[in-house]
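The values are calculated or read from the model by the stated rules, or taken from the named source; none is laboratory data. Since the structure is predicted, the reported quantities are computational estimates derived from the model, not experimental observations. Here the Cβ positions follow ideal geometry from the backbone for every residue, glycine too, while neighbour counts run over all protein chains shown.
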Amino acid sequence: MSPTRHASWQQLRALADTWRKKHLRQVFEHDPGRAASMTAAASGIHLDYSKNSLDSEVLALLIELARDCDLAGQREAMFSGQRYNLTEGRAVLHTALRQQVDTPVKLDGEDVIPGVREVRARCYDFAERVRSGAWRGHTGQTITDVVNIGIGGSDLGPLMVCEALSPLADGPRVHFVSNVDGTHLSQTLRRLDASRTLFVVASKTFTTIETLSNARSARAWLVEALGSETAVARHFVAVSTNREKVTAFGIDAENMFGFWDWVGGRYSLWSAIGLPIMLSLGGARFDELLAGAAEMDEHFRAAPAERNLPVLLGLIGIWYVNFQGYGSHLLAPYNNTLRRLPAWLQQLDMESNGKSVHRDGSATDHATGPIVWGEPGINGQHAYFQLLHQGSQIVPVDFILALAQRGQIDSHLPTLVANCLAQSAAMMRGKTADEVRAELTARGMAAADVETAIPHRVFPGNRPSNTLLIDNLSPHRLGALLALYEHKVFVQAAVWNINAFDQWGVELGKQLASDIENRLKGADGKPYDASTEALIALAAAGIGRH
Ligand code: G6Q
């Protein structure tokens, strides 16, 4: 059923207009106490959500809506291994990958935990052999460089984590190749020595054309450089659920690390897909990452809604998407090593909640997932933040800032922190005509010029944001942060009554591309529309010319 049928939804709708007319500056003036009351914390992450256009009345109704939509029941269905991903008939158990206790998680009567631990032990053992130099390449050299070949969920998670924790890296250098544009692979390989390079071919299905094309070219490069087909065994490993296809590709099952269909691609960095992280940082740090995520899982499962970070972030997002009409959400991490976090979240959120039918197949009569985007906040300030301050659209922001991290230059930190805090304050307060007038007059501007300048320099303010302060960007805290966003996406899907765990849009792309590729190679096929036919003809001629 649609969430719009609940009385709580209708009551929220009634409140939405009132809030459109309120200004956060006045809201703070009337109730400065909200700064203290509208905060929550877990796993070293402090969330200040007081700069949002809502109060305890709205929040209580949002929590009632979540209750009406049986968020708690759906959450348990996921954690306990029910086939919650109903369109693919699969369980959704990425949380089992990081579970710290021995409590069985049963799928069709069988506990999945021992299998999870066994694969992880194999991954750690392999990573340790590579890191220690015990694993040698075909010519007896140690491994200095690892190239992960994968795309989407088999790329973004490990890439983002390796970057986020790069100040702690003490293993081989890690590189990521995802694009089938051959320059991605060739530019990466240009700098590498084949005798010291290990390829991790990461593909859940092992049918993804981009990944297989890159893997084939990488293998050809290696075989040519080392002069022997047998070199592949020492330089290629695979991470996949598809043993048959891995061995057909020529990678020994001994060198394959498996996972399961109940791990969605975009939720897979906690599985063997995290192998590049283990190679770069070692098993102990990967354990910390898992422990942080597990702590957030427990928090999500047990904390009351009023203090539950994923529930709060999810419900605040619903208030904006469904009741204020804000269709976009910006992630602004201020730490540079979190620069790939927005790309990871973009996939997580938009692939999960970019849906228009309810779980029963009926069309949604409400908006669903927002457009998620972002870059490091400090760079954004010198680019698109202009639109956030004075543009005609309102974009809610999550400001994310870790206050400590290995590799920090301490003298830079106050500047970084000040910028982050100043932006959320400015977006909330804005700047009135009177304030601009006083400022310009004090600077000695002539009265007539001041009046001309005012409209351009007024900031409407009333632009909402969350601030997430993290004590230290450790593996543990990063794990908790990522799990927080995974569960935020879950909360929204549960309220919207959509399936966050399928991705038919991705499948469509895979299907169409292979059809058009055949056409480009000269095969006959069913005709497309006139525009696509013309583009195919032009492109085929262009490819032929080079
Ligand atoms: C993730 C998506 C998608 C997937 C890639 C790669 O949830 O399903 O991004 O991860 O298409 O798929 P393979 O891992 O099967 O190559």
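Side notes on the structure shown:
- Of the residues examined, Ala220 is not one that is surrounded by fewer than 18 Cβ atoms within 10 Å (Cβ to Cβ), more than 20 Å from the chain's Cα centre (by Cα) and under 28 Å from Lys488 (Cα atoms).
- Of all residues in the range 370-417, exactly one satisfies the criterion of being in a helix (DSSP H, G or I) and touching a His at 6+ places or on another chain (Cβ under 9 Å), namely Gln390.
- In the range 157-177, the residues that are within 16 Å of the ligand (Cβ to nearest atom) and either of a type in the set (Gly, Ala, Ser) or over 28 Å from Asp261 (Cα atoms) (or both): Gly157
- Selection count where residues are touching a helix residue (DSSP H, G or I) at 6+ places or on another chain (Cβ under 6 Å) and charged (D, E, K, R), scope the range 146-204: 2
- Considering residues of the range 123-141 that are of a type outside the set (A, V, I, L, M, F, W, C) and assigned to a helix (DSSP H, G or I) only, the residue farthest from the ligand (Cβ to nearest atom): Ser132
- The range 187-213, subset away from the ligand (no atom under 11 Å from the Cβ) and assigned to a helix (DSSP H, G or I), residue nearest to Leu159 (Cα to Cα): Thr188
- Single unsatisfied condition, Val130 versus (1) more than 24 Å from Glu298 (Cβ to Cβ); (2) surrounded by fewer than 16 Cβ atoms within 10 Å (Cβ to Cβ): (2)
- Here Arg266 does not qualify as among the basic types (Lys, Arg), farther than 15 Å from Thr205 by Cβ and modelled with pLDDT of 95 or more.
- Of all residues in the range 142-156 being more than 9 Å from the ligand (Cβ to nearest atom) and within 18 Å of His184 (Cα to Cα), the one that is surrounded by the fewest Cβ atoms within 10 Å (Cβ to Cβ): Asp145
- Where helices (runs of 4 or more DSSP H) sit wholly within the range 449-546, those with at least 2 residues that are in contact with a strand residue (DSSP E or B) (Cβ under 9 Å, 6 or more places away or on another chain) and away from the ligand (no atom under 16 Å from the Cβ) occupy 475-496.
- Scanning the range 95-125 for residues that are exposed (fewer than 11 other Cβ atoms within 10 Å of the Cβ) and touching a Leu at 6+ places or on another chain (Cβ under 7 Å) returns no hits.
- Residue count for the range 214-246 satisfying the condition of being within 16 Å of the ligand (Cβ to nearest atom) and more than 17 Å from Phe176 (Cα to Cα): 6.
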